[in-house]
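My questions will all concern the structure given below.
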Amino acid sequence: MSRAVYLDHNAGAPARPEVAAAVAEALLHGGNPSSIHASGRAARQRIEQARAQVAALVEADPAGVIFTSGGTEANALVLAGCGRIIRMASAVEHPSVLDAGIDRIIPVDGNGIVDLAALDAMLAAESGLALVSLMLANNETGIIQPVAEAAALCHARGALFHCDAAQAVGRMKLSIRYFNADFLTLSAHKMGGPSGVGAVVMADPEFRMAPILLGGGQERRRRAGTENLSGIVGFGTAAALAGDDLSGGDTISEICGLRDRLEREAARMVPEARVIGQAVARLPNTTCLALPGLAGQTQVMALDLAGVAVSAGAACSSGKVTESRVLAAMGLEPEIRGSAIRISMGRDTRSEDVDCFLAAWAELARRKGYTVNGAAAAA
Amino acid sequence: MAYSDKVIDHYEHPRNVGALDKDDGAVGTGLVGAPACGDVMKLQIKVSAEGIIEDAKFKTFGCGSAIASSSLVTEWVKGKTLDEAASIKNTDIAQELALPPVKIHCSVLAEDAIKAAIADYKKKSGKDEEAAE
Amino acid sequence: MTAIGAKPCPTLSRPKGAPVYLDYQATTPCDPRVVEAMLPWFTEKFGNPHSRNHLYGWEAEEAVEKAREQIAAIIGADAKEVIFTSGATESNNLALKGVAHFYKDKKNHIVTVVTEHKCVLDTCRYLEQEGFQVTYLPVQANGLIDLAELEAAITDQTAIVSVMAVNNEIGVIQPLAEIGALCRKKGAFFHTDCAQAVGKIPLDVNAMNIDLMSISGHKIYGPKGIGALFVRRRPRVRLVPLITGGGQERGMRSGTLPTPLCVGIGEACAIAQAEMASEAERLTGLRNRLLGGLRQRLPEIYVNGDLDNRIPGNLNISFAFVEGEGLMMGVKELAVSSGSACTSASLEPSYVLRALGVDVEMAHTSLRFGLGRFTSGEDIDFAIDHIVEAVEHLRAMSPLWDMHLDGVDIKSIQWAEH
């Protein structure tokens with residue numbers, strides 16, 4: 001089976017080799033971190049080291065890190081764990097936020113950016129304590145929200161602020177202190193860690209987060225269950241590596257360069273094409289590309305046949321072939337949002353992969369009757 | 001939990017395990033703790049005519065920290081006067097053995113054992129009133 | 001695809017100086033065959049199993065579905081009835097809260113047992129705070145429930161009966177088929193925590209009338225961080241999910257499925273199923289050797305819990321007049337536990353042993369020995385020698401042992417409890 005060019009890193013990404021090695025080691029030599037004999041103590045030590053590594057990546061206190069089974073559970077924990085509270089979330093949040101009992105939806109503008117004035121007015125109108133959930137970067141478009149501004153506004157109104165950074169962590173600098181978030185959601189597998197592990201990071205380690213999983217005193221009584229030792233060790237390793245990348249490596253800017261070239265070339269070749277959110281800050285690796293008149297699903301299938309793996313909408317809902325909630329919330333016209341595909345890159349993406357995508361995509365457009373300008377320029 | 005080197009040393013090489021004749025008038029016996037609580041310490045001291053503790057023995061049912069605490073105090077009380085021995089504080093024991101917070105009660109028990117042994121000796125030798133003066 | 005069980009069971013070499021691992025009820029090492037099956041899914045085949053548009057997604061989905069079938073096979077279920085969770089703790093939480101919340105308008109009563117795992121008991125206490133009635137059944141001296149008491153406890157208000165298959169501390173096996181039949185007759189759902197039972201004893205969700213079953217990965221030589229919940233389709237059991245968003249696992253458990261972990265628990269089930277019968281026989285032999293060796297050389301030792309209705313890999317012994325934690329320190333060449341690993345940070349003696357009617361004094365003197373796939377006869381002989389040596393050393397130091405030798409009943413003494 002020949003491997004396709006993989007441009008769907010926001011859905012799933014390979015673990016980095018160092019991570020895979022650490023995970024394999026932990027699988028073979030893991031004890032129960034709650035056991036008091038030597039193998040248990042060694043397991044406990046490895047978990048605490050990973051906790052420190054994850055905390056360091058987001059400049060948090062390790063004691064505030066609660067490991068979970070992933071970003072979805074982390075979001076569920078924050079939204080259920082703050083007690084009786086009015087829950088607000090932006091209209092472009094991940095389903096794990098939007099489906100977790102949100103009371104008020106905060107609108108976004110045509111660029112997908114949360115309407116801060118509307119948020120302020122909504123908070124002013126509430127008499128009770130509120131929790132506002134706003135993602136750092138969107139999984140479908142990569143659009144980055146003004147998180148620090150939103151946090152300041154929430155705190156001025158006495159509300160708690162949660163930032164879902166599952167898609168952003170490891171791809172941009174991220175500090176719980178700079179953003180002034182009360183809670184962060186992190187996920188390991190989008191940044192080269194293993195799947196099945198994530199975390200809630202609390203700015204105040206003493207915050208009494210009510211657990212959703214009960215029984216056993218793990219994670220300082222905030223999340224019961226024997227710790228996913230290999231996953232947590234892999235998460236810590238990925239966090240340390242991501243920290244290195246973000247503080248000086250060329251990886252992030254290289255990915256960004258590839259992304260920009262892809263967008264430039266796509267727009268040059270097919271002038272009808274439109275990059276969603278191009279005018280605002282986005283993750284360096286994500287392009288949401290619409291080709292009005294050609295359904296996103298059709299493009300994805302044709303590209304798959306041509307050996308290029310991309311997606312339309314988010315992975316967890318793409319099985320249902322429903323329209324993107326995110327693009328609808330941005331007020332995009334049906335022919336735009338129905339024709340969007342997501343191209344997301346990772347550290348293993350090469351310039352040739354971009355060429356392959358552009359060639360296959362341009363060929364598809366030509367077949368469907370679009371006027372296509374010239375072949376893609378060489379890298 | 002990780003035990004300190006000193007706890008391990010006392011556990012593996014306990015000092016002064018054994019018994020003194022409890023019917024000897026120079027011997028004071030302290031038995032503290034309870035099986036239901038997971039620790040019982042028996043500490044015995046032999047006091048010279050000059051009021052100096054010249055020998056001490058222990059037997060302990062308990063965790064490593066309890067055994068180490070009792071072993072340590074047998075070393076400490078030897079050669080001390082009763083008053084000096086009575087002034088040993090549980091915090092001294094806990095500090096010497098680097099006991100974690102959940103094991104502080106072991107040091108408390110050891111302090112109690114010294115006091116109980118001294119009281120038993122004084123009771124037997126009729127020195128209760130003397131001490132009260 | 002290689003036939004299940006075709007690869008021989010590997011031996012795990014013990015690093016020099018590492019203790020002999022006899023704590024298989026706390027966790028099991030991941031079988032190297034399981035790790036081997038998992039590894040490609042981290043780096044080469046890393047697709048999201050929910051991506052439906054390309055090969056990367058399809059191959060991941062196929063792997064996840066194969067694992068689901070492997071889990072279903074070992075419990076006699078249909079693959080559609082198996083949902084993945086992050087572990088048995090989540091499965092237990094989901095089963096109890098999920099059923100209680102879904103049926104709360106019709107029924108408000110739950111029956112469970114005092115010796116259940118903490119996560120079941122804590123969830124039941126939480127549901128009590130929400131207004132549900134919970135009956136905590138006692139156990140007999142052998143650790144088993146009295147079926148007549150169970151029958152009397154189930155009412156027409158009982159939504160769910162939760163009884164663990166195998167106890168984590170004493171390894172006793174509850175009469176699942178009888179409990180299942182009772183629950184079916186009385187119209188209550190039967191949930192069983194099988195974290196310690198899967199791969200150890202034959203299980204059949206249909207023959208045993210089990211409606212929900214919790215399964216753990218890391219107790220069966222699979223990875224930590226993954227578990228499963230069997231949820232019966234006919235008659236259908238419905239749940240309110242704990243984790244929403246994305247709608248995976250038939251809406252009962254959202255979140256991206258971790259392909260490598262799913263593959264790992266599936267492979268672990270397949271290996272356990274293929275090797276269960278021979279492994280049970282081998283472990284029974286080793287356990288008898290351990291118990292026989294200790295009994296031959298040490299007086300005043302007592303087995304906690306029924307010895308016949310027990311998984312082969314468990315032994316829980318009280319060594320009278322020797323405190324368990326002190327004993328653990330004396331057998332540092334062995335990795336064993338005193339009480340449950342989850343509770344050992346506290347100083348309270350095991351609530352499971354207390355529920356059997358074991359005296360607090362004796363509960364303090366207990367050790368749990370968990371034997372498993374990589375335990376050898378040499379390990380057992382090594383263990384016997386070290387245990388005997390440590391017990392004798394500590395008894396020589398124990399004032400209670402002296403009293404026992406002098407014929408003093410320690411119960412006759414007025415202890416100053418502190």
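Using 7 Å Cα-to-Cβ label points, what is the residue C:204/residue C:177 separation (nm, one decimal)?
A separation of 0.8 nm, rounded to one decimal place.
Moving on to the next point. Under a straight-distance cross-link criterion of Cα-Cα below 28 Å, which lysines are reachable from residue A:368, leaving out those fewer than 8 residues away in the same chain?
Straight-distance partners of residue A:368: A:320.
Further, regarding this structure: Counting only C-alpha contacts under 8 Å and six or more residues apart, can you give the relative contact order of chain B as a whole percent?
Relative CO of chain B lands at 29 percent.
Another question, if that's okay. Using only Cα atoms, tell me the angle between helix C:88-102 and the longest principal axis of chain C; keep it within 0 to 90° and round to the nearest 10.
So the helix axis and the longest Cα principal axis differ by about 60 degrees.
Stokes-Einstein diffusion coefficient for segment C:276-396 at 20 °C in a medium of 1.002 mPa s, Rh from the Kirkwood formula over Cα pairs: what value in µm²/s?
It comes out at roughly 147 µm²/s.
What does the net charge come to around residue A:23 if you take all other residues with beta carbon closer than 12 Å to its beta carbon, with K and R at +1 and D and E at -1?
Around residue A:23, the surrounding residues sum to +1.
Still on this structure, please answer the following. Taking the Cα atoms of segment B:26-133 alone, what are Rg (to one decimal) and Dmax (as a whole number) in Å?
Just the Cα atoms of segment B:26-133 yield Rg and Dmax of 13.3, 40 Å.
Out of all DSSP beta bridges with both ends in chain C, state the antiparallel percent to the nearest 5.
55
Please report, largest first and rounded to whole Å, the three semi-axes of the ellipsoid equivalent to the protein assembly as shown, where each semi-axis is the square root of five times an eigenvalue of the C-alpha gyration tensor.
Equivalent ellipsoid of the protein assembly as shown: 58, 31, 26 Å, largest first.
For the pair residue C:376/residue A:363, report the inter-label distance in nm, with labels modelled 7 Å from Cα in the Cβ direction.
5.8
Using +1 on the beta carbon of Lys and Arg, -1 on that of Asp and Glu, and nothing else charged, what's the dipole of segment C:276-396 about the Cα centre, debye to 20?
220
If you wrap a convex hull around the Cα atoms of segment A:1-54, how much volume per residue is inside, in Å³?
It is 123 Å³ per residue.
Calculate how large, on average over all directions, the projected area of the Cα convex hull of chain C is; give the answer in nm² to one decimal.
22.2
Based on alpha-carbon atoms only, what is the radius of gyration of segment A:202-305 relative to the globular estimate 2.2 N^0.38 Å?
1.67
In the protein assembly as shown, what % of DSSP beta bridges are antiparallel (nearest 5)?
Antiparallel: roughly 60 percent of the beta bridges in the protein assembly as shown.
With both partners inside chain B, how many of the DSSP beta bridges are antiparallel, as a percent to the nearest 5?
Among the beta bridges of chain B, antiparallel pairing accounts for roughly 95 percent.
Give the lysines reachable from residue C:186 as a straight Cα distance under 17 Å; neighbours fewer than 8 places away on the same chain don't count.
C:106, C:107
Within segment C:28-50, find all residues whose amide N lies under 18 Å from a label point positioned 7 Å from the Cα of residue C:66 along Cα-to-beta-carbon.
C:31-50
May I ask for the angle, rounded to the nearest 10°, between helix C:176-186 and the longest principal axis of chain C, with both axes built from Cα atoms and the value confined to 0 to 90°?
60
How would you rank C:317, A:85, A:106, going from fewest to most other Cβ atoms within 10 Å of each one's own Cβ?
Least crowded to most crowded, the residues run A:85, C:317, A:106.
Only Lys, Arg, Asp and Glu count, each charged at its Cβ (+1, +1, -1, -1), so figure out the dipole size of the protein assembly as shown about its Cα centre, rounded to 20 debye.
The calculated dipole for the protein assembly as shown is roughly 2400 debye.
Could you tell me the center-to-center distance, by alpha carbons, between segment A:95-153 and segment B:77-116 in angstrom?
Comparing the Cα centres of segment A:95-153 and segment B:77-116, I get a distance of 59 Å.
Around residue A:260, what is the net charge, scoring Lys/Arg as +1 and Asp/Glu as -1 over all other residues with Cβ under 12 Å from its Cβ?
Net charge around residue A:260: +1.
Report, in degrees rounded to the nearest 10, the 0 to 90 angle that the Cα long axis of helix A:229-246 makes with the longest principal axis of chain A.
The answer is roughly 60 degrees.
Further, regarding this structure: Counting Lys +1, Arg +1, Asp -1, Glu -1, what net charge surrounds residue C:113 among other residues with beta carbon under 11 Å of its beta carbon?
-4
Considering Cα pairs under 8 angstrom that are at least six residues apart, work out the relative contact order of segment C:276-396 and quote it in whole percent.
Averaging sequence separation for qualifying contacts and normalising by length gives 35 percent for segment C:276-396.
Please report C:410, C:265, B:53 as a ranked list, fewest other C-beta atoms within 10 angstrom at the top and most at the bottom.
C:410, B:53, C:265
Just rank C:189, A:183, fewest to most, by other beta-carbon atoms within 10 angstrom.
Taking fewest neighbouring Cβ atoms as first place, the list is C:189, A:183.
What is the diffusion coefficient of chain A in µm²/s, taking the Kirkwood radius over Cα pairs and the Stokes-Einstein relation at 20 °C with a viscosity of 1.002 mPa s?
100
For residue C:406 and residue C:149, what does the FRET efficiency come to when R0 = 41 Å and r is the distance between their Cβ atoms, rounded to the nearest 0.05?
So the FRET efficiency works out to roughly 0.45.
Tell me, what is a quarter of the convex hull surface for the C-alpha atoms of segment C:32-271, in nm² with one decimal?
If I average the Cα hull's projected area over directions, I get 12.5 nm².
Cα-Cα over 20 Å: which of B:80/B:115; B:22/B:59; B:89/C:332; B:6/C:16; C:97/C:185; C:97/C:224?
B:89/C:332; B:6/C:16; C:97/C:185; C:97/C:224, as the Cα separations exceed 20 Å there.
We did not get these values from a lab; they are worked out from the coordinates using the rules stated. Given the structure is predicted, the values throughout are model-derived calculations rather than measurements. Glycine also receives a Cβ, built like all others from the backbone with ideal geometry; neighbour counts cover every protein chain displayed.
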